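Below is one structure, written out as structure tokens, with a few remarks after it.
The values are calculated or read from the model by the stated rules, or taken from the named source; none is laboratory data. This one's a predicted model, so the numbers in the text were calculated from it and none came from an experiment. Glycine gets a Cβ as well: all are built from the backbone with ideal geometry, and neighbour counts include every protein chain shown. When the accessible area is computed, the model is the full protein with side chains, heavy atoms only, and any ligands, DNA or RNA have been set aside. Shrake-Rupley method; radii C 1.70, N 1.55, O 1.52, S 1.80 Å.
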Amino acid sequence: MKTFTLEIDDKVTLRWVEAGSSRDCRAWVLLLHGRTEFLEKYEEVFGGLVERGLGVISFDWRGQGLSTRLLPDDRKGHVDTFEDYLDDLDRFVRTEVAPRADRPLILLAHSTGGNVAMRYLIRNPTLFAAAIFTSPLWSLQFAPLGIRLGRLSTPIVHLVARRHCRNGDGRELAREPNGGAFEANPLTTSRER
């Protein structure tokens, strides 16, 4: 896996990677990961795709991984608006993805990456031969039910968010409680992962 940087402007640089041989791959996969994720989390996925004869390119979103962090506390991933994500994706596609269009281009997007990818595909419907979404974060804009927070939790989430914004701490971290023990982990049954 080779690592590169792409300067978006004088304030933002994206870190990106390429895996697989550009001479030997039968198609290119652009992988867009989710919020709070980073490229290293997907090394196993990159390897599996390369083993199947695919080249892979991906980048850390602004405010995530080793791309430019936008707040003084670099533990906080932050973006002002999803339009910034779309602009970054468009720049990355124009400079790094489009030159690989001599082979089929496949979009693989997870979670927040799925949200940005769908918005991008609506604006640019012909570039990719296929698009794959895993647990996409699609809002009411794309799905009638949106994000399901449960009957009681939705009003509570809105109340807490409004209170934090009103108190001037709207950029504070929102965290899920951590159960601690692996057996209580609701996200995976794989100890390795």
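Near the amide H of Arg35, within less than 5 Å, lie the amide hydrogens of Thr112, Gly113, all on another chain or at least 5 residues away, with H placed in the peptide plane.
Under the simplified labelling scheme, the Ala181-Asp73 pair shows an inter-label distance of 3.1 nm, with each label point 7 Å from Cα along Cα→Cβ.
Note on Thr81 and Thr188: their simple-model spin labels are 3.6 nm apart, each label 7 Å out from Cα toward Cβ. Spacing of the modelled spin labels on Arg163 and Arg94, each 7 Å from Cα toward Cβ, amounts to 4.5 nm.
Take the Cβ atoms of Ile132 and Leu6, set R0 to 22 Å, and the FRET efficiency comes out at 0.40.
Share of carbon and sulfur in the accessible area of region 1-92 stands at 47%, probe radius 1.4 Å. Of the trypsin sites (Lys or Arg not before Pro) found in region 44-118, those in coil by DSSP whose Cβ has at most 10 other Cβ atoms within 10 Å are Arg75. The stretch between Ser22 and Arg103 holds 28.2 nm of extra length on full extension. This uses 0.36 nm per residue minus the Cα-Cα distance.
A Förster distance of 25 Å, applied to the separation of the beta-carbon atoms of Glu43 and Thr13, puts the FRET efficiency at 0.70.
The heavy atoms of Val29 offer some 10 square angstrom of accessible surface to a 1.4 angstrom probe.
Got the relative contact order for region 3-64 handy, in percent, Cα pairs under 8 Å and 6 or more residues apart? Mind dumping the intermediate values first?
On the way: 96 pairs, mean separation 26.6, N = 62.
Averaging sequence separation for qualifying contacts and normalising by length gives 43 percent for region 3-64.
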